Amino acid sequence: MASPSTTPLLKDELDIVIPTIRNLDFLEMWRPFFQPYHLIIVQDGDPSKTIKVPEGFDYELYNRNDINRILGPRSSCISFKDSACRCFGYMVSKKKYIYTIDDDCFVAKNPSGEDINALDQHIKNLLSPSTPFFFNTLYDPYREGADFVRGYPFSLREGVQTAVSHGLWLNIPDYDAPTQLVKPLERNARYVDAVLTIPKGTLFPMCGMNLAFDRELIGPAMYFGLMGDGQPIGRYDDMWAGWCVKVICDHLGLGVKTGLPYIWHSKASNPFVNLKKEYKGIFWQEEIIPFFQSAVLPKECTNVQKCYIELSKQVKAKLSKVDPYFDKLADAMVTWIEAWDELNPAGGSAKLANGSA
């Protein structure tokens, strides 16, 4: 019998996007799982530095000079000296699916001691439906060995398309700086063998270091904001994208899954450096989150781009009073969509975004 590894799932339909400032030796560990796929590497920081990629990988590499050349004046919407630069990779990809991973994330082992093929699990999550409108107490009902429980409405059992698969991490948890400071030695050793759909109307903190999504369904909303160099905030890039994405998925009837797969997060970032980056965000999030919780998109917003432009208007109208930064961010959201549409003129996301293609 042929082994499943002979034909990797979605081999020609998925790009792996990696933001980095260093040589990508970590790919050696991922070789059995990543080598069949195309990589898009977004080099942050000094563009004159040469990044080494191990032999045998199919990849394209973009540095800041490439971003400026390809986007021209619109390159201002791509963050510099921040992992938010990864979203440039989403924009230039031509594939239906994206998996993004940080370069300090290694292959984790399951409780049986076997290496976890994170990419394979993300693909399974994306290719099975989600159930955002009614919670199944056995978590993901489409998983082998599970089903819908008694009392689950039959009319909702078909589910909806899954737009996002949010994976988790063993070893170093994804904590903010204050939590890092008070729990410097804490490590996550708990492997929970579950995937669940995040219910409609519920926001979540999206971590970008082990994340997959359907680019055609939700790609234009996966903007990681204006962070890092020259900005008053950092480390909220994936959070911002996650809040925008969830509001839009709820509006368009798309699903977001979280749980498996796990990766091994190898090193904690410096909590004092992180505190400096997060400081304003820690205050601002107390107003940003209620903003997203109450955001309503009109029925005329029938695709992701329209939803995102509408959200940018609401950001400008309601969050500018928090700080002038949000004016700038709202403008960058519009610039992002303009750049996205320029590089993706077919509008694939527009055709599929309402989940009823």
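The values are calculated or read from the model by the stated rules, or taken from the named source; none is laboratory data. Keep in mind that this is a model prediction, so the values were computed, not measured. Positions of Cβ are generated from backbone atoms using ideal geometry, with glycine treated the same way; all protein chains shown enter the neighbour counts. Only protein heavy atoms, including side chains, enter the accessible area calculation; ligands, DNA and RNA are left aside. Shrake-Rupley method; radii C 1.70, N 1.55, O 1.52, S 1.80 Å.
Structure notes:
- The chain - percent relative contact order, Cα under 8 Å, separation 6 or more: 19 percent
- The distance between label points at residue 188 and residue 270 comes to 2.5 nm (points 7 Å beyond Cα on the Cα→Cβ vector).
- Order by protection proxy (mean Cβ within 10 Å, highest first), peptides 293-304, 144-155, 160-171: 160-171, 293-304, 144-155
- Choice from 327, 58, 250 showing the highest fluctuation, given a GNM over the chain with Cα pairs closer than 10 Å: 58
- Most mobile of 156, 126, 311 in a GNM of the chain (Cα contacts under 10 Å): 156
- Residue-wise HN-Hα couplings along the range 14-27, as the Karplus relation 6.51 cos²θ - 1.76 cosθ + 1.60 with θ = phi - 60° gives them from phi, are 9, 10, 9, 9, 10, x, 7, 10, 9, 4, 9, 4, 4, 5 Hz; Gly and Pro carry x.
- Annotation: amide H-H contacts under 5 Å for residue 344 (H modelled 1.01 Å from N, sequence separation of 5 or more, or interchain): none.
- Amide H within-cut-off set for residue 80, under 5 Å, with H built and near neighbours excluded: 227, 229
- Note on the chain: helix-only mean residue ellipticity at 222 nm, from DSSP H runs of 4+ residues weighted -39500 (n - 2.57) and normalised by residue number, equals -10500 deg cm²/dmol.
- Å² of accessible area per residue within the chain, as computed with a 1.4 Å probe and no ligands counted: 45 Å²
- Most mobile of 336, 284, 243 in a GNM of the chain (Cα contacts under 10 Å): 284
- Measuring nothing but how far apart in sequence close Cα pairs (under 8 Å, 6+ apart) lie, relative to its length, the range 66-169 scores a relative contact order of 20 percent.
- Placed amide H near residue 142: partners under 5 Å, 5+ positions off or other chain: none
- Overall, the range 103-343 carries a charge dipole of about 600 debye about its Cα centre when +1 sits on the Cβ of Lys and Arg and -1 on the Cβ of Asp and Glu, all other atoms neutral.
- Per-residue Karplus couplings for the range 201-216, computed as 6.51 cos²θ - 1.76 cosθ + 1.60 with θ equal to phi - 60°, are listed in order as x, 10, 7, 8, x, 8, 9, x, 8, 8, 9, 10, 8, 7, 5, 6 Hz, Gly and Pro entered as x.
- Relative contact order %, the range 178-288, counting alpha carbon pairs below 8 Å whose residues are six or more apart: 36 percent
- Among the protein heavy atoms of the chain, carbon and sulfur supply 55% of the accessible surface, probe 1.4 Å, non-protein parts ignored.
- The range 149-228 and the range 272-313 have Cα centres lying 17 Å from one another.
- Phi to ³J(HN,Hα) by Karplus 6.51 cos²θ - 1.76 cosθ + 1.60 over the range 324-331, Hz, x for Gly, Pro: x, 3, 6, 4, 5, 5, 4, 5
- Residues 20, 137 ordered from highest to lowest accessible area at a 1.4 Å probe: 137, 20.
- Ratio of the Cα radius of gyration of the range 41-91 to 2.2 N^0.38 Å, where N counts its residues: 1.14
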